[in-house]
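Right, one structure below, let's go through it.
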Amino acid sequence: MARPALDPELRELLADMPLMSRLSPEVLAHLRQLPSPPVESLLDDRQVERREITVPAKDGAPIPLSVLSPPTTDRTTAAPCIYWIHGGGMVMGDRFSQIDIPLEWLDRFGAVVVSVDYRLAPEATGTALVDDCYRGLLWVAEHAAELGIDPTRIIVAGASAGGGLAAGVALLARDLGSPALAAQVLICPMLDHRNTSTSSRQYSGVPGVWTGEMNAFGWASVLGDLSDGEVSAYVSPALAEDLSGLPTTYIDTGSAEVFRDEDTDYATRIWAAGGQAELHVWAGGFHGFDALYPQAHLSTTARRTRTDWLARLPELRR
């Protein structure tokens with residue numbers, strides 16, 4: 001099947017990475033045994049105050065949160081907050097996955113970064129993952145003064161599965177009336193369990209960073225035996241019939257990835273509902289390119305553009 005070409009620099013970098021087309025329970029078990037990202041090395045170069053917190057999920061299970069704050073001596077007013085939701089197909093990763101992305105915003109805007117360790121599928125299913133993320137967000141909003149956060153300046157952000165969960169959290173916050181979000185940043189978000197778009201078919205049957213087959217595995221792990229009619233729009237945000245009333249939104253994706261079409265469709269539907277969204281489709285970008293190879297030219301452009309968008313928000317210009 002014809003598919004967009006990879007950016008030449010990214011193609012060369014990707015040639016050294018072992019790729020596969022499918023996930024299985026055995027492969028997932030192996031991937032989960034790999035060491036977590038070395039967050040200490042990222043924090044060593046920064047003056048960051050770190051606090052570890054556990055909040056209860058709906059069923060009482062513990063949800064770990066890491067709170068990473070600029071030094072209090074640098075703050076004269078309450079800070080904006082980036083509530084970070086990590087990627088990993090909803091089946092792997094932890095709260096330090098891709099944490100270098102929001103740490104750039106801590107550096108640039110003096111934002112407090114809060115990263116949530118939601119439970120993973122298949123051990124947790126259905127709405128449990130998005131509910132964990134929402135409960136953590138509620139706790140942050142309710143304890144904003146204690147954390148040095150301005151509750152009117154909370155931005156929810158995430159990459160891949162985390163982008164999809166961020167979209168689900170924004171829908172929950174809108175529908176439940178709290179907390180008010182200043183913006184949502186959805187980086188190559190995983191939005192649609194149906195996995196039937198043109199881009200999902202283009203990137204099936206070939207090795208990749210995240211393929212149509214891997215996507216099917218991730219969604220099957222989350223949904224279990226649920227039929228299509230039983231899937232919540234908070235879990236699969238592309239199902240939401242009404243996208244009005246959402247906070248201003250940033251969406252970016254690559255032209256050479258599974259989620260391209262569902263991401264562009266989500267932005268289009270926000271516009272159709274009268275909302276504000278900025279969409280970037282990076283030509284030749286594969287899934288997660290800027291997280292895997294942040295120094296590549298296309299990656300630095302994508303990350304800078306994302307940060308420049310945040311800089312235009314009134315909530316971050318204060």
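The values are calculated or read from the model by the stated rules, or taken from the named source; none is laboratory data. Everything quoted here is computed from the prediction, not taken from an experiment. When we count neighbours, we look across all protein chains shown, and the Cβ atoms used for this are built from the backbone with ideal geometry, even at glycine. Each accessible area value is taken on the protein alone, full model and side chains, heavy atoms only, with ligands, DNA and RNA left out. Shrake-Rupley method; radii C 1.70, N 1.55, O 1.52, S 1.80 Å.
Over every Cα atom in the chain, the radius of gyration and the widest Cα-Cα span, Dmax, amount to 18.3, 57 Å. Under the convention that each Lys and Arg Cβ holds +1 and each Asp and Glu Cβ holds -1, the size of the dipole of the chain around its Cα centre is about 440 debye.
Normalised by 2.2 N^0.38 Å, with N the number of residues, the alpha-carbon radius of gyration of region 84-200 equals 1.04. Over region 1-152, what is the relative contact order in whole percent, taking alpha-carbon pairs under 8 Å and six or more residues apart? Worked out over region 1-152, it gives 22 percent.
Put simply, the Cα atoms of region 175-245 extend 42, 28, 19 Å along their principal axes, the longest span coming first.
How many times 2.2 N^0.38 Å is the alpha carbon radius of gyration of region 40-124? The partial results should precede the final answer.
On the way: Rg = 13.8 Å, N = 85, 2.2 N^0.38 = 11.9 Å.
Rg over 2.2 N^0.38 Å, computed on Cα atoms: 1.16.
What a 1.4 Å probe finds exposed on the chain is 53% carbon and sulfur by accessible area, rounded to a whole percent.
Give the calculated FRET efficiency between Ala180 and Thr76 to the nearest 0.05, with a Förster radius of 30 Å applied to their Cβ-Cβ distance. The pair Ala180/Thr76 has a calculated efficiency of 0.80.
Figure note: Arg201, Arg51 ranked by solvent-accessible area, largest first, 1.4 Å probe, ligands and nucleic acids not counted: Arg201, Arg51.
At q = 0.10, 0.11, 0.21 Å⁻¹ the log10 of I(q)/I(0) for region 187-285 amounts to -0.27, -0.33, -1.10, computed by Debye summation with a single uniform scatterer per C-alpha, solvent ignored.
Measuring nothing but how far apart in sequence close Cα pairs (under 8 Å, 6+ apart) lie, relative to its length, region 9-75 scores a relative contact order of 22 percent. Here region 117-159 and region 161-176 have alpha carbon centers that stand 10 Å from each other. The packing ranking, built from the mean of other Cβ atoms within 10 Å per residue, places the peptides 269-281, 144-156 in the order 144-156, 269-281, highest first.
What you get for region 1-138, charging only the Cβ of Lys and Arg (+1) and of Asp and Glu (-1), is a dipole of about 420 debye around the Cα centre. Within the chain, the selection of entire DSSP H helices by a Cα span of 30 Å or greater along the long axis and an average Kyte-Doolittle value of at least 1.6 returns an empty list.
From the largest down, region 83-151 spans 36, 26, 11 angstrom on the principal axes of its Cα atoms.
Between Gly89 and Ala161, Gly162, the built amide H atoms are under 5 Å apart, and every one of these is 5 or more places off in sequence or on another chain.
A simple charge model with +1 on the Cβ of Lys and Arg, -1 on the Cβ of Asp and Glu and nothing else charged puts the dipole of region 1-79 at about 360 debye relative to its Cα centre.
Apply the a/c threshold of 1.5 to the C-alpha gyration tensor of region 1-159 and tell me whether it is rounded, prolate or oblate.
Details: a/c = 2.12, a/b = 1.39, b/c = 1.53.
Oblate, since a/c reaches 1.5 and b/c is not below a/b.
Run the numbers on the chain and let me know its relative contact order in percent, using alpha-carbon pairs under 8 Å that are six or more apart. Let's see the in-between values first.
On the way: 634 pairs, mean separation 60.9, N = 318.
Reported as a whole number, the value is 19 percent.
When the surface is traced with a 1.4 Å probe over the full set of protein chains, Cys188 keeps roughly 10 Å² accessible.
Taking the alpha carbon gyration tensor of region 72-116, multiplying each eigenvalue by 5 and rooting it gives semi-axes of 25, 9, 7 Å, largest first.
Measuring spread by the Cα atoms of region 1-85 yields a radius of gyration and Dmax of 19.9, 57 Å.
Sort largest first and round to whole Å: the equivalent ellipsoid semi-axes of region 136-190, each the square root of five times a Cα gyration tensor eigenvalue.
Rounded to whole Å, the semi-axes are 20, 12, 9.
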